[in-house]
Amino acid sequence: MAKRSVVVVGGGIVGCLTAMQLRKQGHAVTLVERNIIAAQTSGESSWAGAGIAFPLLPWFYQDVVNELALAGARAYPAVSAELYAETGIDPECSQSGMLIQPPFDQQQAIDWCTRFGLEYALQGGNLLIPEVVQIRNPRLLQSLKAWLIKHGVILREQTQLMPLQEGGAPITRWQTTTGDTLSADVFVVTSGAWSFELLKQTASSLDIKPMRGQMLLYHMMPGLLPHILYRDGFYMLQRRDGHLLAGSSLEDVGFDTGVTDSMRQEMLQKAEAILPALKGQPIIKHWSGLRPGTPHNIPSIGRHPQIENLYLNTGHFRYGVTMAPECARRIAALLG
Ligand SMILES: Cc1cc2nc3c(=O)[nH]c(=O)nc-3n(C[C@H](O)[C@H](O)[C@H](O)COP(=O)(O)OP(=O)(O)OC[C@H]3O[C@@H](n4cnc5c(N)ncnc54)[C@H](O)[C@@H]3O)c2cc1C
């Protein structure tokens, strides 16, 4: 017997994991997505990301960010195994570890690892954190979609909700761009970079804006990069089948989802400097995604202060893949 009807608005990783968690708790869940879930369409962050389940140089972030990130990251091996077993689609969660190359403050890094209880190894001037996992985010989305369908979550794809109008009363109906309305006991906004556009009439202090990230893809011999590699604001990682990602940019260009030749060149040069074997290798794909950018990378997770049946789970900026399992768990705990 369903407890409550819930509409989750936005079918990225945060929305899919929130829908999964709520469904497991017995709620009747509808997931609304203006595009197609798990497809690369126009700018959604979850497909475009690298799938590193760890903050880059975590000692630069506040504890709240690292706590959400570590709890989310530590959930991934079990989440991934469950999704694979139930759907046959492997999200490829692998504990590759992260190798951080100079420049970085070694003492600051060691102090942080010690405080958060993470093992580390110094290799020359490099720091290896073996616990770090990567997840193949487009596969994760596919397996989540299959799980949601299998467990009776209603997917309303190609359905876009209109910006919510002013008012503090509970939402009874939320209008779509085609004039339909959706009803539910509870609404959860997981609309990534578009969350402020959706809520600005009712949550003017919500500080979320798109921050574009571009990424390059190569294909190399599997096993070339045993660890996720980070150097000076740039990273590379390899999937099991040899696909190798290099990125990423961080650009404040509004909702522009394009890619640029200048950034392609800049990233290519950085990638080749770190891994000379890439010289002369073709770039097989170049894409961008819009991160839900927030001050200090701190997301909004919880109930709207005035509208009692509206919840937010958004604004995860650079670490939404990492944080999503933990943020979904927290929203589900609030809803009961
Ligand atoms: C290049 C790049 C690399 C990254 N690398 C990493 C990484 O290694 N690790 C990590 O943890 N994070 C990484 N990130 C960040 C991470 O991808 C995001 O934080 C995360 O995907 C945000 O997920 P989301 O579900 O909130 O947003 P999205 O994936 O953007 O999903 C929001 C969804 O809401 C839908 N939507 C919006 N408005 C409406 C509406 N009105 N009605 C219906 N649907 C709507 C959108 O179509 C979209 O599908 C990276 C991002 C980029 C761009």
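Determine the relative contact order of segment 1-152: mean sequence separation of Cα pairs under 8 Å and six or more apart, normalised by residue count, in whole percent. Can you show the working numbers first?
On the way: 218 pairs, mean separation 42.7, N = 152.
Reported as a whole number, the value is 28 percent.
What distance in nm separates the simple spin-label points at Gln108 and Ile284, each placed 7 Å from Cα in the Cβ direction?
Spacing of the two 7 Å Cα→Cβ label points: 3.7 nm.
On full extension of the chain, what length is gained from Trp59 through Leu250, given 0.36 nm per residue of separation minus the C-alpha to C-alpha distance? List each step's numbers first, then the result.
Working: separation 191, 0.36 × 191 = 68.76 nm, distance 1.92 nm.
Going from the current span to full extension adds 66.8 nm.
Give me, ordered by chain and number, the residues 5 or more places off Arg156 or on other chains with an amide H under 5 Å from its own placed amide H.
Leu31, Val32, Glu33
Looking only at Leu275, Leu161, Leu83, which one moves most when the chain is put into a Gaussian network model with springs between Cα atoms under 10 Å?
Leu275
List the GluC sites (Glu not before Pro) within segment 138-236 that DSSP assigns to loop and that have no more than 11 neighbouring Cβ atoms inside 10 Å.
Working: sites: Glu157, Glu166, Glu197; in loops: Glu157, Glu166.
For GluC sites (Glu not before Pro) across segment 138-236 that sit outside H, G, I, E and B with at most 11 neighbouring Cβ atoms in 10 Å, the list reads Glu166.
With +1 assigned to the C-beta of every Lys and Arg and -1 to the C-beta of every Asp and Glu, and no other charges, what is the dipole magnitude of the chain about the Cα centre in debye, to the nearest 20?
Working: 28 positive and 28 negative charges, 128 e Å.
Charge dipole of the chain: 620 debye, to the nearest 20.
Give me the base-10 log of I(q)/I(0) for the chain at each q in 0.08, 0.10, 0.11 Å⁻¹, Debye formula, one uniform scatterer per Cα, rounded to two decimals.
At q = 0.08, 0.10, 0.11 Å⁻¹ the computed log10 ratios are -0.37, -0.57, -0.69.
Of Met162, Ser195, Gln238, whose Cα points farthest to the positive end of the dipole of segment 118-253 (charges on the beta-carbon: +1 Lys, Arg; -1 Asp, Glu; origin at the Cα centre)?
Gln238
How big is the charge dipole of segment 1-90 about its Cα centre, in debye rounded to the nearest 20, if each Lys and Arg gets +1 on its Cβ and each Asp and Glu gets -1 on its Cβ? Walk me through the numbers before you get to the answer.
Working: 6 positive and 7 negative charges, 73 e Å.
Rounded to the nearest 20 debye, it is 360 debye.
Starting from one equal scatterer on each C-alpha and no solvent at all, send me the Debye-based log10 I(q)/I(0) for segment 68-158 at q = 0.11, 0.19, 0.21 Å⁻¹, two decimals.
-0.45, -0.88, -0.98
Under 21 Å Cα-Cα from Lys285, which lysines qualify once same-chain neighbours fewer than 8 residues away are excluded?
Straight-distance partners of Lys285: Lys270.
Be a star and scan segment 61-97 for residues whose amide nitrogen sits under 11 Å from the point 7 Å along the Cα-to-Cβ vector of Gln25.
Counting only backbone N, you get no residues.
Taking the Cβ of Gly192 as the center, what net charge do the other residues with Cβ under 13 Å away carry, scoring Lys and Arg +1 and Asp and Glu -1?
Values: positive: Arg34, Lys209, Arg212, Arg291, Arg318; negative: Glu33, Glu44, Glu197.
Counting the neighbours of Gly192, the net charge comes to +2.
So which DSSP H runs in the chain come out at 27 Å plus along the axis (Cα) with average Kyte-Doolittle of at least 0.0? Don't skip to the end; give the middle numbers.
Details: long enough: 63-87 (35 Å, 0.34).
What comes out of the filter, once short or polar helices are dropped, is 63-87.
As a test of the formula, what do you get for the chain when each DSSP H run with n ≥ 4 contributes -39,500 (n - 2.57) and the sum is divided by the residue count, at 222 nm and rounded to the nearest 500 deg cm²/dmol?
My calculation for the chain gives -9500 deg cm²/dmol from helical runs alone.
Counting alpha carbon pairs within less than 8 Å and at least 6 residues apart, what relative contact order, in whole percent, applies to the chain?
Details: 752 pairs, mean separation 86.4, N = 336.
For the chain, the relative contact order is 26 percent.
Determine, from the Cβ-Cβ distance of His296 and Gln175 and an R0 of 35 Å, the FRET efficiency 1/(1 + (r/R0)^6), rounded to the nearest 0.05. Walk me through the intermediate numbers first.
Values: r = 33 Å, r/R0 = 0.96.
Calculated transfer efficiency: 0.55.
With a point put 7 Å past each Cα toward its Cβ, work out how far Thr260 is from Ala78 in nm, to one decimal.
Reported label-point gap for Thr260 and Ala78 is 4.4 nm.
Mind checking which of Gln101, Thr114, Ala78 is farthest towards the positive end of the chain's charge dipole, using Cβ charges of +1 (Lys, Arg) and -1 (Asp, Glu) about the Cα centre?
Of the listed residues, the answer is Ala78.
Any read-out appearing in this document is the output of simple, stated calculations on the displayed coordinates, not a laboratory observation. Quick caveat: nothing in here was measured; it's all calculated off a predicted structure. As a convention, Cβ positions derive from the backbone with ideal geometry for all residues, glycine included, and neighbour counts pool all protein chains shown.
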